[in-house]
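Notes follow once the structure below has been shown.
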Amino acid sequence: MATLIPRSDHAAIKAQVLVIARDLLRELGTASDVETLQGSASLEQDLGLGSIERVELLSRLERSLGASLPERAVAEAKTLDDIIAAIAGPPGTVGDHEAGQVSGRSSEATESNPRTSEPAQARLQLRTRDLASAEEARPSRRVWETIYGIYAAGLFFIWLVFTWLLVLLTPRGRPGARMTSAALRIYFRLIGCRIHIEGEEHVDAYGACIYVSNHTSYSDVLAVMALFRTNYHFVAKNEINDMPFIGTFLRRLGHFAFERSKLRARSRQVEQMEQALRRGESVFVFAEGTFTAQPGVRPFQLGAFRAAVKTGRPIVPVALRGARRFLRDGTFLPRPSRIKVTVCPALFPAADSAGQEWAEVLRLRDETRRIISFHSGEPSLHSGKAQPAIPESSVPRNS
């Protein structure tokens, strides 16, 4: 049961939580304006704190404050203020006046140092608006795309039911995966969507490994399953595992699922990946954990990279390009597109990282994200802002 710190210490607790969060964010390098961090900051959207990062934050808070935090309160927290309330209770007691003064000073500091949007992000938004305007000016193209979308979506549902029945009749595991892969390639041909894999020589070239990809659309999984003719486990959210038809595919093909509302369950997910790697089995992770309509590579969660460091197995970056256009978030009808999957050379964790595991996890994460950003043609997003592109000479090339 959680041990709440006296409410009279609410202001002191808030200040300490902000200090701990700032220290973690500096190490992660996933959020800007760390010095002016406020309790109202969104843990996911503003700070880029995924499952493993929240576990790390939780452990640091418990060590520093001597308080046992309720797991669900931290897992479901939207902002730092939610975590502060879980520790010290709601504000409105002694010490809040000082907290208000600190907050006021921070707000003044923020106002006195306004930050403009990154130039790359501004260009990206302008380009998106221009493309939208151009599309609106071409009604005939929109009619064609609507017809295509209805055809592609309708054919997919027919394909889904037919393939689902075949999967039920096929032995679990690899046989079902091969059959599904072949069926998906037929589907993409029937709808005229060209899918292509570059760097296929890096698939299955390193033994058990962790394939780490950007996440752009629901169609990402379809493209990967169609093109990856190897044995691997997807790591998916438990909600997907419960979906009709789709859940059957995941379970019978041997893919993993985890409950994202529980931090400890997410830690067990990392352990599950480690066990698979030690058995000589590869895993496939969409490290962003989610996707949006906006182009860009969001901050990566740390689970895959922690598993790589613990097991000594390599990370193989995989960049998806074109899938976001094919089925953009918030839309229901596919659009004509070409999907390219680029498999890059492996990144190996340092052999002498004992005592430096945390730094090695961050190094792998950052290098993987930069490579994927380059090959996907989308900028790295830093708390919703685009980051400068990396020099082309620093990105590993496919041989």
Item to complete: Report whether or not Thr290 is assigned to a loop (DSSP other than H, G, I, E, B) and surrounded by fewer than 24 Cβ atoms within 10 Å (Cβ to Cβ).
Response: yes
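Test of understanding: among Ala319, Ala307, which residue is in contact with a strand residue (DSSP E or B) (Cβ under 8 Å, 6 or more places away or on another chain) and at pLDDT below 95? Steps first, please.
On the way: Ala319 fails: at pLDDT below 95.
Residue meeting the stated conditions: Ala307.
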Discussion item. Just to check your reading of the model, which residue among Gly149, Gly154 is assigned to a helix (DSSP H, G or I) and open to solvent by less than 20 Å² (accessible area, probe 1.4 Å)?
Written reply: Gly149
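When you look at Gly66, is it modelled with pLDDT under 70 and surrounded by 17 or more Cβ atoms within 10 Å (Cβ to Cβ), yes or no? Reasoning before the result, please.
Numbers: modelled with pLDDT under 70: yes; surrounded by 17 or more Cβ atoms within 10 Å (Cβ to Cβ): no.
No.
Does Arg328 satisfy the criteria of being within 21 Å of Thr230 (Cβ to Cβ) and open to solvent by 40 Å² or more (accessible area, probe 1.4 Å)? Please lay out each step first, then the result.
On the way: within 21 Å of Thr230 (Cβ to Cβ): no; open to solvent by 40 Å² or more (accessible area, probe 1.4 Å): yes.
In short, no.
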Discussion item. Of everything in the stretch 181-203, what is outside any helix (DSSP H, G or I) and closer than 27 Å to Arg298 by Cα? Give them in sequence order.
Written reply: Cys193, Arg194, Ile195, His196, Ile197, Glu198, Gly199, Val203
Worksheet item: Which ones in the stretch 306-337 are closer than 18 Å to Gln294 by Cα and basic (Lys, Arg)?
Response: Arg321, Arg324, Arg325, Arg328, Arg335
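Could you please let me know if Glu281 is in contact with a strand residue (DSSP E or B) (Cβ under 9 Å, 6 or more places away or on another chain) and either among the polar types (S, T, N, Q) or surrounded by fewer than 23 Cβ atoms within 10 Å (Cβ to Cβ) (or both)? Don't jump to the end; show me each part of the working.
Numbers: in contact with a strand residue (DSSP E or B) (Cβ under 9 Å, 6 or more places away or on another chain): yes; either among the polar types (S, T, N, Q) or surrounded by fewer than 23 Cβ atoms within 10 Å (Cβ to Cβ) (or both): yes.
Considered against the rule, which asks whether it is in contact with a strand residue (DSSP E or B) (Cβ under 9 Å, 6 or more places away or on another chain) and either among the polar types (S, T, N, Q) or surrounded by fewer than 23 Cβ atoms within 10 Å (Cβ to Cβ) (or both), Glu281 comes out as yes.
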Discussion item. Conditions first: (1) under 27 Å from Trp358 (Cβ atoms); (2) modelled with pLDDT under 80; (3) part of a helix (DSSP H, G or I). Ala21 passes all but one, so which condition is the exception?
Written reply: (2)
Worksheet item: Which residue pairs have Cβ atoms closer than 6 Å, lie 6 or more positions apart in sequence or on different chains, and pair a first residue in the stretch 288-305 that is more than 15 Å from Ser219 (Cβ to Cβ) with a second residue that is open to solvent by 40 Å² or more (accessible area, probe 1.4 Å)?
Response: Gly289/Gln301
Worksheet item: In the stretch 353-393, which residue that is within 17 Å of Arg313 (Cα to Cα) and modelled with pLDDT under 80 is surrounded by the fewest Cβ atoms within 10 Å (Cβ to Cβ)?
Response: Ala354
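The values are calculated or read from the model by the stated rules, or taken from the named source; none is laboratory data. Just so it is clear, the structure is predicted and the values come from calculations on it, not from any experiment. Heads up, the Cβs are rebuilt from the backbone with ideal geometry, glycines too, and the neighbour counts pull from every protein chain shown. Ligands, DNA and RNA are stripped out before the accessible areas are found, and what is left, the full protein with its side chains, is counted by its heavy atoms. Shrake-Rupley method; radii C 1.70, N 1.55, O 1.52, S 1.80 Å.
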